[in-house]
Amino acid sequence: MGRKLALMILFVFLVGLVACTETTDDPEEQGLVYDPTWVDEDITLNFASWVNSDLENLMLDAFMDKYPNVTVTKDAELVNSNNPGWEGQIIERAAAGTLPDVFAVRFLDHVYLNDLGLNVKPFIDQDSEKDSIMEAALTGATYDDKVFAVPATTTPKYMLVNTSLLEQYDLPVPGYDWTLDDYDTIIETVHHVEAGACTFGAYSYGEMVGAYAAIKSGGALQYQTFDGTQFNFTNADHRAILERELGMSDYLLNYLDGDEIKVACETENTWWAAYGTIAIFSQPLYDMSWFPGSYDSRNGGDGAFFEDIDLYPLPKLEGYDQMNVSGVGFLALSPTITDNKTASAAYELAKWMGFGKEGTIARHGFIADWETYGGSLFFSYWRFPITNDADVWASLPHATSDDFGLAGLQSQAFIDATINGLIENNRALPGQQEGLWAAQGLFGAYRRGEYSGSLVDVLREMEETANQIIEDTMAAVGW
């Protein structure tokens, strides 16, 4: 609990840092609205983000080429350090009155609590591309009918499916609209523990545990059973998916520790995904600079990974729309901006660097042209579009490259599941993330057999613990 307590104390301290400073007037009271004549003015903007610096520089240069009246400088002092962290630095800048005009945001509660973001609702409302934005992301940035951040990009969860391994087990390769029953069939079928020849269906149920109850609740619950106020781990649908996973424990790799795997399979290497002996797994796309080569070296040579592996959205629940879970990046505009033209230019910059069609296609072009700009852009930038624009997804280089192309990334099922899906917690309430960590720690103890109570008992304690942390943290920051 020491780490969680320290995080809570840091959070309260940083919020207090800005609580005693003057905040700007409400943006709507300032009368800030979109003014298209900003393109005729000489405007200077400052930008800050922790994302790939080389790619950002190319994007900013392209923006200034498109709008030669605008000069964009990068804030060189803001860095993605761990002490006091990005949010801590932004809050300190707000207290000092030196916020960048446009800056990256990870945790939305910091923006709400500290008046860090200009209300951009009047700007988004007039935008012709508004309706293409992932609805859950826009909702997450909205509070009291004000929008405090511009949705930028997604990092959706996904499954990598070893289609070659399925064929070895005489299983049909599922369509991208596969179901949870299809997933379970693979787990139960692709399971073989024999000295030197171990195969497994999957690591675990992973993100389905966080998404299942939210999907079945019809919008009443969000990711990890959060309802906007508190967690609901005792929810019957949440308990049902955990019971389903626990019932599959004999088939799931995550229930065996490293020593057990070494003994059962007579091996020193437990990295089953790279050995082609696990049917369903997830490997971060930023690993794709090296992981396919590692897979190839163990599975028949050059190109084996792309012959064997395809990318899938999360399985569909029968009777419900297919949904992915996504992390979402946001960009905020400084509330210190006081005139319509500067605010309009800042909004267009955030849109260009974020959800906008023209900027996103430009970004994809830089990433794809790796011979000119370096392979690091291709392999280190794994964020995906946050709009359902067909032209944007068609330009996605990670789906279309001759050297790296996972067909599933362009499947309509994956695109729809992402755009219509859920977002991970972006700390909509103070203490929300800390409460989730505490609850997950309790369930980890239950999974390891270190918790003396039943599943119902641990779910009840998880719920009480997480919600108490939220209540205490909210009281401490005066929410």
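Go through the stretch 206-287 and tell me which helices (runs of 4 or more DSSP H), entirely inside it, have 3 or more residues that are crowded, with 17+ Cβ neighbours inside 10 Å and in contact (Cβ under 8 Å) with a residue 12 or more places away in the chain.
Values: elements: 207-216, 236-247, 258-265.
Here the list reads 207-216, 236-247.
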Checking Asp296 against (1) open to solvent by 60 Å² or more (accessible area, probe 1.4 Å); (2) free of Cβ contacts under 8 Å to residues at least 12 places away in the same chain, only one condition comes out false. Which one? (1)
The listed residue being out of contact with any Gly (no Cβ under 9 Å at 6 or more places or on another chain) and either in a strand (DSSP E or B) or touching a residue at least 24 places away in the same chain (Cβ under 8 Å) (or both), out of Ala332, Ala345: Ala345
Residues in the stretch 422-442 that are open to solvent by 20 Å² or more (accessible area, probe 1.4 Å), among the small types (Gly, Ala, Ser) and in contact (Cβ under 8 Å) with a residue 12 or more places away in the chain total 1
So, first residue charged (D, E, K, R) in the stretch 42-69, second residue assigned to a loop (DSSP other than H, G, I, E, B) and surrounded by fewer than 19 Cβ atoms within 10 Å (Cβ to Cβ), Cβ within less than 9 Å, six or more apart or across chains; the pairs are Asp42/Asn69; Asp54/Gly374
If Val72 satisfies all but one of (1) of a type in the set (A, V, I, L, M); (2) buried (at least 20 other Cβ atoms within 10 Å of the Cβ); (3) more than 19 Å from Phe148 (Cβ to Cβ); (4) at pLDDT below 85, what's the number of the condition it fails? (4)
Of all residues in the stretch 299-326, which are under 21 Å from Pro385 (Cβ atoms) and open to solvent by less than 10 Å² (accessible area, probe 1.4 Å)? Leu311, Tyr312, Pro313, Leu314, Asn324, Val325, Ser326
Any residue at all in the stretch 401-421 that's open to solvent by less than 30 Å² (accessible area, probe 1.4 Å) and closer than 17 Å to Asp127 by Cα? no
Checking Asp144 against (1) among the charged types (D, E, K, R); (2) more than 30 Å from Arg363 (Cβ to Cβ); (3) touching a strand residue (DSSP E or B) at 6+ places or on another chain (Cβ under 7 Å): exactly one of these is not met. Which one? (3)
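A quick yes/no check of all residues on (1) among the aliphatic types (A, V, I, L, M); (2) under 23 Å from Leu429 (Cβ atoms); (3) free of Cβ contacts under 8 Å to residues at least 24 places away in the same chain; (4) touching a Phe, Trp or Tyr at 6+ places or on another chain (Cβ under 6 Å):
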position	(1), (2), (3), (4)
Ala94	yes, yes, no, no
Thr98	no, no, yes, no
Asp101	no, no, no, no
Asp109	no, yes, no, no
Tyr112	no, yes, no, yes
Gly117	no, yes, no, yes
Pro122	no, no, no, no
Ala137	yes, yes, no, no
So is Ile43 β-branched (Val, Ile, Thr), open to solvent by less than 40 Å² (accessible area, probe 1.4 Å), at pLDDT 95 or above and over 25 Å from Phe366 (Cα atoms) or not? yes
Cβ-Cβ under 6 Å pairs, at least 6 apart or on other chains, the stretch 180-193 side surrounded by 16 or more Cβ atoms within 10 Å (Cβ to Cβ), far side in a helix (DSSP H, G or I): Ile187/Tyr251; His191/Tyr251
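The values are calculated or read from the model by the stated rules, or taken from the named source; none is laboratory data. Model, not experiment: these values are computed from the prediction. A quick note on method: Cβ atoms are made from the backbone with ideal geometry, for glycine too, and the neighbour counts reach across all protein chains shown. Ligands, DNA and RNA are stripped out before the accessible areas are found, and what is left, the full protein with its side chains, is counted by its heavy atoms. Shrake-Rupley method; radii C 1.70, N 1.55, O 1.52, S 1.80 Å.
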